[in-house]
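Here's the structure we're looking at; comments come further down.
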Amino acid sequence: MPLKTRHGPEPVRRPVHVRSGDTVVVISGKDRGKRGKVLRVLPKVNRVVVEGVNVSKKHVRPNQKVLQGGIIDQESAVDASNVMLVCRSCHEPARTGITTLEDGRRVRRCKRCGETLDR
């Protein structure tokens, strides 16, 4: 049983099925059906930031980093369970499995076409 922290129990860390740079499709929520590239993976909270998905407006004040203030569009994180990896070879959203190669590397593979997803 995980130790209880100040803000409740520590979340159980599970490996996220997508990595930075992967192309994913959103399978539920207001942006359902949109495709985009994974910009960041947040494994501690099981969330991912996808390009062009879950865009929110942020009001920015001018400072040394941002010379001109205003309203900018910013992608927010979505739960990793709401995205599905798009296979590079069959170009379809697919579930993934783990396969061990002859040289001992563990790689992801598409369960739809069987092709290896990692390089």
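Go through the residues of the stretch 75-88 one by one and say whether even a single one is part of a loop (DSSP other than H, G, I, E, B), more than 23 Å from residue 117 (Cα to Cα) and among the basic types (Lys, Arg). Taking every residue of the stretch 75-88 in turn, none turns out to be part of a loop (DSSP other than H, G, I, E, B), more than 23 Å from residue 117 (Cα to Cα) and among the basic types (Lys, Arg). Within the stretch 57-69, is there a residue that is under 28 Å from residue 13 (Cβ atoms) and either of a type in the set (Phe, Trp, Tyr) or without any contact (Cβ under 8 Å) to a residue 40 or more places away in the chain (or both)? Checking the stretch 57-69: not a single residue is under 28 Å from residue 13 (Cβ atoms) and either of a type in the set (Phe, Trp, Tyr) or without any contact (Cβ under 8 Å) to a residue 40 or more places away in the chain (or both).
Restricted to the stretch 98-117, and to residues there that are assigned to a strand (DSSP E or B) and surrounded by 13 or more Cβ atoms within 10 Å (Cβ to Cβ), the residue that is nearest to the chain's Cα centre (by Cα) is 108. Being of a type outside the set (Asp, Glu), outside the structural domain of residue 97 (by TED's automatic domain parsing), under 21 Å from residue 99 (Cα atoms) and not in a loop (DSSP other than H, G, I, E, B) holds for only one residue in 24, 41, and it is 24. Considered as a group, the residues in the stretch 10-42 that are out of contact with any Pro (no Cβ under 6 Å at 6 or more places or on another chain) and touching a residue at least 60 places away in the same chain (Cβ under 8 Å) include one that is farthest from residue 74 (Cα to Cα), and that residue is 17.
Are any residues in the stretch 46-74 outside any loop (DSSP other than H, G, I, E, B) and either crowded, with 19+ Cβ neighbours inside 10 Å or within 12 Å of the chain's Cα centre (by Cα) (or both), and if so, which ones?
Residues satisfying the conditions are 47, 48, 49, 50.
The values are calculated or read from the model by the stated rules, or taken from the named source; none is laboratory data. This structure is a prediction, so every number in the text was calculated from the model and none was measured. Here Cβ is always computed from backbone atoms with ideal geometry, including for glycine, and neighbour counts include all displayed protein chains.
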